[in-house]
Amino acid sequence: MPVFEQSSELPVSADEAFAWHCRPGAFQRLAPPWETIELISSEGVAEGSQATIRMKLGPIPKMWIAEHHGIIPGRQFQDIQLAGPFAKWEHTHRMEPVSAGACRLSDRIEHQLPLGILGEIFGGRLIGQQLERTFRYRHALTASDLKFHAAYSREPAMKIAVGGSTGLVGSALIPFLTTGGHEVARLTRGGKSVDDGTTSIDWDPSQGRIDAAGIEGCDAVVHLGGHNIAHGRWTTGMKRLIRDSRVNSTSLLCRTLAGLANPPRVLVCASAIGFYGDRGQDVMTENSEPGPSFLSKTCVEWEQATAPARDAGVRVVNLRIGVVLSPQGGALQKMLLPFKLGGGGIVGNGKQWWSWVSIEDLPRIILHGIQTESLSGPVNATSPGAVDNREFTKTLGRVLRRPTLIPMPAFVVKLAFGEMGEELLLGSTRVVPERLIDSGYEYAFPELEPALRHLLGR
């Protein structure tokens, strides 16, 4: 029977590594971003508890039910498949102490494909490659997360309310916070609960409704809400929706915070590098003036809407977020298919700057903003390794091992996407994250190629 093994050293005790794996959100943190995997239900890590997962084998959805056994607190647990794609699957997670502040994480998987020897002949090599790719990612992420949380640990753990929790950034932030031991309350319409270890606070910005009592006593609030700016052409109605979904929700939240008897000490509110507009080759810092474009004006109003909270003594961090790199959404997701098919190429003249940030760094930047008392006002949430479109195109092609010979001329962008394409694809914004760097933030992925290889498992 084939056996896969992977081990690496972690910068925390075996007890802390075990606790991290048992907290809500651990499955989501460990799921490779290039895979389509969804946790349907989980009973936690206890003897006989079960987890149900939905995954895809090619285009075919498949349910996977696993049961936990062999639990040795602080040292080991096992996942045994009850139903799923394998004839047999037994995964042992082991944490062995190396010293008081370090341990060795070992993953051992005994697996057997259906159809016996035929399954191994036709699928064994592929499964082996997928396991190696997956666990290289998992071990790197586990070590990075544990190191970061150890540096930012605070007792007692914080209670953090999050608006926009189901979007691309929120979906990465929630499990990052819960595996770090923090309590998370989602701001959701109707207070709809999610079975992931979080609680819910009712709000509906479109109706001006918010449960102020639910926010009372939270240590911090993170607001990431706003309609997707790349979801269709910018008609008059779409532009109104983009603006109102950001400004009105932020205004409601901040007026509410200002009226609380016990408000949070900090609000981290999303903004965007669209604040600066198309600035060619000029370098933008947090002290740069806003541009004249639609997005620039929207970002100015968005940041101004946080004034009631700031005036009431809440420390406010306005995160001007760059192009978020994730294969699960945003610009990178849209680019992957044409690039994989060999249809990638520069956009326009390729000289426009794309200031990006990895989806792995952004949750860390948010927690850094929460816990760094010296940070307030505008903070550029971008990597220091900004590149122009030509360099981005070459790098993505190299990571995917595909040619990048088919350009998209500027006139095609304008015809296909209108004003949205001009601002998002042809606009040039070269941003430097001065305040993050000066505050001591250490990037997990400051350069583009390592970030892409990590996110794409390449």
Quiz item: Among the residues of region 31-53, which ones are in contact (Cβ under 8 Å) with a residue 60 or more places away in the chain and either of a type in the set (A, V, I, L, M, F, W, C) or not in a strand (DSSP E or B) (or both)?
Solution: P32, P33, W34, E35, L39
Quiz item: Between a first residue in region 85-113 that is over 30 Å from R54 (Cα atoms) and a second residue that is in a loop (DSSP other than H, G, I, E, B) and basic (K, R), which pairs have beta carbons less than 8 Å apart while being 6 or more apart in sequence or on different chains?
Solution: E96/R75
Quiz prompt | Of all residues in region 168-194 being surrounded by fewer than 18 Cβ atoms within 10 Å (Cβ to Cβ) and in a loop (DSSP other than H, G, I, E, B), the one that is modelled with the highest pLDDT | solution = G181
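Restricting to region 311-334, name every residue that is among the charged types (D, E, K, R), at pLDDT 95 or above and either within 22 Å of V347 (Cα to Cα) or surrounded by 18 or more Cβ atoms within 10 Å (Cβ to Cβ) (or both). Step through it out loud before you land on a result.
Step one: of region 311-334, the residues among the charged types (D, E, K, R) are 311, 315, 320, 334.
Add one more test, that the residue is at pLDDT 95 or above, and what stays is 311, 315, 320.
Listed by number, the residues that qualify are R315, R320.
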Quiz item: How many residues, within region 208-225, are modelled with pLDDT under 90 and closer than 13 Å to A270 by Cβ?
Solution: 1
Exercise. Could you identify the single residue in R104, R138 that is within 28 Å of the chain's Cα centre (by Cα), in a strand (DSSP E or B), surrounded by 15 or more Cβ atoms within 10 Å (Cβ to Cβ) and not assigned by TED's automatic domain parsing to the domain that holds D361?
Key: R104
Quiz item: Could you list, in sequence order, the residues of region 288-310 that are crowded, with 22+ Cβ neighbours inside 10 Å, among the β-branched types (V, I, T) and over 17 Å from S376 (Cβ atoms)?
Solution: T298
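If you go through region 218-227 one residue at a time, do you hit one that is surrounded by fewer than 19 Cβ atoms within 10 Å (Cβ to Cβ) and closer than 30 Å to A416 by Cβ?
Residues of region 218-227 surrounded by fewer than 19 Cβ atoms within 10 Å (Cβ to Cβ): 219, 227.
Narrowing the set further to residues that are closer than 30 Å to A416 by Cβ leaves 227.
The answer is yes; a qualifying residue exists.
Of R233, R255, R265, which residue is modelled with pLDDT under 95 and either touching a His at 6+ places or on another chain (Cβ under 6 Å) or not small (G, A, S) (or both)? Let's see the steps before the verdict.
Details: R255 fails: modelled with pLDDT under 95; R265 fails: modelled with pLDDT under 95.
Residue meeting the stated conditions: R233.
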Quiz item: Of the residues that sit in region 111-127 and are outside any helix (DSSP H, G or I) and loosely packed, with under 15 Cβ neighbours inside 10 Å, which one is modelled with the highest pLDDT?
Solution: P114
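When you scan region 445-458, how many residues do you find that are crowded, with 19+ Cβ neighbours inside 10 Å and closer than 18 Å to K147 by Cβ?
Let us first name the residues in region 445-458 that are crowded, with 19+ Cβ neighbours inside 10 Å, namely 445, 448, 451-452, 454-456.
The next check asks that each one be closer than 18 Å to K147 by Cβ; those that pass are 445, 451, 454.
So the count comes out to 3.
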Quiz item: Does region 224-239 include one or more residues that are assigned to a helix (DSSP H, G or I), closer than 18 Å to L173 by Cβ, in the same structural domain as N318 (by TED's automatic domain parsing) and not β-branched (V, I, T)?
Solution: no
Quiz item: Taking region 413-437 on its own, how many of its residues are surrounded by fewer than 19 Cβ atoms within 10 Å (Cβ to Cβ) and not in a helix (DSSP H, G or I)?
Solution: 1
Exercise. May I ask you to list the residues in region 342-370 that are of a type in the set (A, V, I, L, M) and either farther than 12 Å from L173 by Cα or not in a helix (DSSP H, G or I) (or both)?
Key: I346, V347, V357, I359, I370
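Name the residue, out of D15, D79, that is within 28 Å of G181 (Cβ to Cβ) and in a strand (DSSP E or B).
Numbers: D15 fails: in a strand (DSSP E or B).
None of the others qualify; the one that does is D79.
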Practice problem: Identify the residue in region 195-223 that is assigned to a loop (DSSP other than H, G, I, E, B) and out of contact with any strand residue (DSSP E or B) (no Cβ under 6 Å at 6 or more places or on another chain) and, among all such residues, is nearest to R255 (Cα to Cα). | Solution: G208
Exercise. Go through (1) surrounded by 15 or more Cβ atoms within 10 Å (Cβ to Cβ); (2) among the β-branched types (V, I, T); (3) under 30 Å from S374 (Cβ atoms) and name the single condition T285 misses.
Key: (1)
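Filter region 377-412 down to residues that are of a type outside the set (F, W, Y) and assigned to a helix (DSSP H, G or I), then give me how many there are.
Counting residues in region 377-412 that are of a type outside the set (F, W, Y) and assigned to a helix (DSSP H, G or I) gives 13.
The values are calculated or read from the model by the stated rules, or taken from the named source; none is laboratory data. Everything numeric here is computed off the predicted structure, so don't read it as measured data. Heads up, the Cβs are rebuilt from the backbone with ideal geometry, glycines too, and the neighbour counts pull from every protein chain shown.
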